[in-house]
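Chemist: Got a structure for you, questions after.
The values are calculated or read from the model by the stated rules, or taken from the named source; none is laboratory data. In this text the structure is predicted, and so the values were computed from the model without any measurement. Heads up, the Cβs are rebuilt from the backbone with ideal geometry, glycines too, and the neighbour counts pull from every protein chain shown. What goes into the accessible areas is simple: the full protein's heavy atoms, side chains included, and nothing from ligands, DNA or RNA. Shrake-Rupley method; radii C 1.70, N 1.55, O 1.52, S 1.80 Å.
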Amino acid sequence: MRPHVFVNVAASLDGKISDETRRQIRLSCKEDLERVDKLRASADAIMIGIGTILADNPKLNVKSRELRERRLREGRSENPIKVVVDSRCRIPEDAEVFDGNVIVAISKLAEKERVEKIEKKARIVVFGQEKVDLNSLLGFLYEEGVRRVMVEGGGTLISSLLSHGLVDEAFIYYAPVFIGGASSPTICDGRSFRVPVKTEILSVERLGEGILLHLRFFSK
Ligand SMILES: NC(=O)c1ccc[n+]([C@@H]2O[C@H](COP(=O)([O-])OP(=O)(O)OC[C@H]3O[C@@H](n4cnc5c(N)ncnc54)[C@H](OP(=O)(O)O)[C@@H]3O)[C@@H](O)[C@H]2O)c1
């Protein structure tokens with residue numbers, strides 16, 4: 001068994017999620033940021049790749065006080081658990097994400113010295129020999145009571161989850177800009193899939209300045 005997994009990402013019309021510098025670019029409009037915050041508040045866990053932690057250093061907290069209070073009233077934690085996928089345990093000790101309940105998922109590649117440092121900041125779980133075994137990680141999260149996982153990127157993690165059939169839904173916000181750049185990260189990086197991953201379009205709507213696409217995957 002595994003939790004329900006949904007991806008949320010903001011992209012340019014040419015599918016880029018940052019530019020060649022790989023630094024964070026604000027693509028969401030105000031309306032989209034509010035939507036993302038509600039989605040975060042609905043999740044039990046937020047999953048993110050180490051590439052995004054190193055590039056953007058996000059906190060991943062629910063921004064709206066009202067939504068945090070509602071979670072508390074429902075007997076949930078103020079913010080979802082944050083899960084960082086990080087084979088070699090490269091996460092900096094002062095990463096902003098450590099403001100809360102954090103799980104760092106590593107593989108057997110991680111050096112003991114790094115693990116000992118991060119163990120003081122987060123719960124460490126080991127799945128996989130080289131890359132983190134995402135199937136096992138999701139199975140573990142399910143056993144921990146996690147039922148809804150929101151994946152907030154980046155493109156390498158999303159690609160890996162998709163190629164293993166581990167995504168159920170995706171929300172893609174397309175901002176009305178082009179970013180360009182052959183090496184700019186995209187919604188789905190990593191290696192190309194041998195067989196294209198089939199989806200169903202649940203809705204397409206205009207949101208603020210851009211377009212919100214809601215997709216369903218046939219993966220469970
Ligand atoms: N616009 C948006 O909504 C948005 C959202 C998020 C990120 N971004 C952008 O995306 C970029 C970062 O994306 P990214 O693709 O470089 O990094 P990423 O997807 O955040 O992290 C990928 C890294 O995770 C680790 N990993 C461990 N096990 C894995 C597995 N089984 N499958 C996949 N990855 C695994 C790998 O590093 P190790 O081997 O070292 O563990 C891998 O390189 C930044 O430019 C950021 O600004 C944009």
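Chemist: Which order do the peptides 79-89, 120-130, 192-202 come out in when sorted by mean C-beta neighbours inside 10 angstrom, highest first?
Modeler: Packing order, densest peptide first, comes out as 79-89, 120-130, 192-202.
Chemist: Restricting to Cα atoms and excluding each atom paired with itself, what does the Kirkwood estimate give for the stretch 67-220 in Å?
Modeler: Result for the stretch 67-220 stands at 17.7 Å.
Chemist: Using only helices, what value at 222 nm comes out for the chain when you add -39,500 (n - 2.57) per DSSP H run of length 4 or more and divide by the total residues, to the nearest 500 deg cm²/dmol?
Modeler: Calculated mean residue ellipticity at 222 nm is -7000 deg cm²/dmol.
Chemist: If you put +1 on each Lys and Arg Cβ and -1 on each Asp and Glu Cβ, how big is the dipole of the chain around its Cα centre, in Debye rounded to 20? Walk me through the numbers on the way to the answer.
Modeler: Working: 36 positive and 33 negative charges, 61 e Å.
Rounded to the nearest 20 debye, it is 300 debye.
Chemist: Mind checking which lysines have their C-alpha under 16 Å from K112, skipping anything on the same chain fewer than 8 residues away?
Modeler: Within reach: K120, K121.
Chemist: Quick check on packing: order 46-55, 149-158 by the mean number of other C-beta atoms within 10 Å, highest mean leading.
Modeler: 149-158, 46-55
Chemist: When ligands, DNA and RNA are left out and all protein chains stay put, how many square angstrom of accessible area per residue does the stretch 4-217 have with a 1.4 Å probe?
Modeler: 53 Å²
Chemist: What is the percent carbon and sulfur in the accessible area of the stretch 4-217, measuring with a 1.4 Å probe over the protein chains and ignoring ligands?
Modeler: Summing carbon and sulfur atoms, their accessible area is 48 percent of the total for the stretch 4-217.
Chemist: Looking at S107, A55, L138, which one has the Cα that reaches farthest to the positive end of the dipole of the stretch 1-157 (charges on Cβ: Lys, Arg +1; Asp, Glu -1)?
Modeler: L138
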